[in-house]
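Colleague: My structure is below; once you've seen it, I'll send some questions.
The values are calculated or read from the model by the stated rules, or taken from the named source; none is laboratory data. Note that the structure is predicted; figures quoted are calculated from it, not measured. Cβ: placed from backbone, ideal geometry, glycine included. Neighbour counts: every protein chain shown. Surface areas here come from the heavy atoms of the whole protein model, side chains and all, with no ligands, DNA or RNA. Shrake-Rupley method; radii C 1.70, N 1.55, O 1.52, S 1.80 Å.
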Amino acid sequence: MVNRLRIGGDAPVRLMGVINCSPESFYRGSYIPAGEVYDRALAMTAAGADMIDLGARSTAPGSSPITVAEEAARVDAALSELDGTGITLSVDTRYPEVLEVCLRHDVHAVNDISGLAEERYARAVADSGLPVFAMASCREPGDAAGVAATQKALEAVVGRCARLGIEEYVLDPAVGRWVPGRTSEDDWELCRNFSSFREFGRPVLAAISRKTFIGDLLGRRPEDRLAGTLALTTMLVDAGAAVVRSHDVPETADLLRVHAKMRQT
């Protein structure tokens, strides 16, 4: 449950729209500057987004680093535009100082790509009482390569949630080029085995929108990966994804409506 929004079980597949307040983002089309966040968030919800995932630091390999203070300032400005709107919001950060700023606003979940592996941040997340989207990570974000290692990392995430008293959480198998040594084939294997990540009894997030492994297969830049993303999204929903994280809300909302219609009996 995120802000009274049921996730998993017999609930519909939920659509998480992405708003990046980081000009360093790998996909420039997702960057929303200050002053335009409110309009974009309203447009996304009108187009079918159930929630918005807002972040202010690019996590793509090789992206330009920024300070924690700069991330916090970006997040503060963006969330100030959304206070009082009632839009369901998750915040994508891994720093306690940034989370502290987020908690001054109307936020409803935390998206933690470190999978609660960093103790100080994990404690801050637990103390917030918010539901968590927790990514498969052993020590660093996305450092588990391969299906077996990812399952082991997710097992660790489940254990961390239990230890911290976090009962509402969604698992993310960490598809993407997070660390050196991970390959596109690693990501395809995670997607082929996506249904196996449901064995923990938790809802699972599909976060594959416009990512590198799709571009590697098709030979396309991030701007030209929509068709490939939608094709794979359909398959991951078939494999049991409870939430889909997407840069392209109208198109993905249409996909989910058509998929749900075809599944009716």
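Colleague: Pull out a ≥ b ≥ c, the square roots of the eigenvalues of the alpha-carbon gyration tensor of the range 127-265, then state rounded if a/c is under 1.5, prolate if not and a/b is larger than b/c, and oblate in the remaining case. Kindly include the intermediate steps, with their values, before the conclusion.
Modeller: Working: a/c = 1.86, a/b = 1.25, b/c = 1.49.
Cα axes put the range 127-265 in the oblate bin.
Colleague: Quick check: the distance between the Cα centres of the range 170-211 and the range 81-157, to the nearest angstrom?
Modeller: 16
Colleague: For a label point 7 Å from the Cα of ASP238 along Cα→C-beta, name the residues of the range 188-209 whose backbone N is under 13 Å from it.
Modeller: The answer is 192-195, whose backbone nitrogens lie closer than 13 Å to the label point.
Colleague: If you don't mind, another one. I need the phi-derived Karplus couplings for the range 246-261: 6.51 cos²θ - 1.76 cosθ + 1.60, θ = phi - 60°, integer Hz, Gly and Pro marked x.
Modeller: My calculation for the range 246-261 gives 9, 7, 10, 5, x, 5, 6, 4, 4, 4, 5, 5, 5, 4, 4, 5 Hz in order.
Colleague: Heavy-atom accessible area per residue, the chain, 1.4 Å probe: how many Å²? Working shown, then result.
Modeller: Numbers: 11720 Å² over 265 residues.
I get 44 Å² per residue for the chain.
Colleague: Let me ask another. Which value in deg cm²/dmol, rounded to the nearest 500, describes the helix-derived mean residue ellipticity at 222 nm for the chain, given -39,500 (n - 2.57) per DSSP H run of n ≥ 4 and division by the residue count?
Modeller: Numbers: 9 runs with 105 residues, N = 265.
Dividing the helical sum by the residues of the chain leaves -12000 deg cm²/dmol.
Colleague: Taking only C-alpha pairs under 8 Å that are 6+ residues apart, what is the relative contact order of the range 116-265 in percent? Spell out each step's value before the answer.
Modeller: Numbers: 211 pairs, mean separation 28.5, N = 150.
This gives 19 percent for the range 116-265.
Colleague: Taking H as built 1.01 Å from N, whose amide H comes closer than 5 Å to the amide H of PHE26, not counting residues under 5 places away?
Modeller: ALA60
Colleague: Using only alpha carbon pairs under 8 Å that are at least six residues apart, calculate the relative contact order of the chain and give it in whole percent. Before the final figure, lay out each step's value.
Modeller: On the way: 506 pairs, mean separation 51.3, N = 265.
Value for the chain: 19 percent.
Colleague: If I stretch the segment between THR67 and THR85 completely, what's the gain in nm (0.36 nm per residue apart, minus their alpha carbon distance), one decimal?
Modeller: Working: separation 18, 0.36 × 18 = 6.48 nm, distance 2.87 nm.
Contour length minus the Cα-Cα distance gives 3.6 nm.
Colleague: Moving to a separate point now. Could you check the spin-label model distance between THR265 and ALA227? Points 7 Å from the Cα along Cα→Cβ, value in nm.
Modeller: Result: 3.5 nm between the two label points.
Colleague: Which loop trypsin sites (Lys or Arg not before Pro) in the range 200-259, with loop taken from DSSP, have no more than 16 other Cβ atoms within 10 angstrom of their Cβ?
Modeller: ARG220
Colleague: Give the long-range amide H neighbours of LEU89: residues separated by 5 or more places, or on another chain, with amide H under 5 Å away, using H modelled in the peptide plane at 1.01 Å from N.
Modeller: Sorted by chain and number, the residues that satisfy this are ILE52, HIS108, ALA109.
Colleague: Carbon and sulfur atoms: what percent of the 1.4 Å accessible area of the range 13-126 do they account for?
Modeller: Numbers: 2170 of 4440 Å².
On the range 13-126, the fraction of accessible area on carbon and sulfur atoms equals 49 percent.
Colleague: Okay, moving on. Let's see if you can work this out: charge +1 on each Lys and Arg Cβ, -1 on each Asp and Glu Cβ, no other charges. What is the dipole magnitude of the chain about its Cα centre, in debye to the nearest 20?
Modeller: Values: 29 positive and 37 negative charges, 116 e Å.
Value, rounded to 20: 560 debye.
Colleague: Let me ask something else about it. Excluding the sites themselves, what is the longest stretch of the chain that contains no GluC sites (Glu not before Pro) in a DSSP loop with at most 16 other C-beta atoms within 10 Å?
Modeller: Values: sites that count: GLU36, GLU167, GLU168.
Maximal segment without exposed cleavage sites: 37-166.
Colleague: Per 5 Å bin, what percent of the C-alpha pairs of the chain does each bin hold, from zero upward?
Modeller: Going out from 0 Å in 5 Å bins, the chain shows 1, 6, 14, 18, 22, 19, 13, 6, 1, 0, 0 percent.
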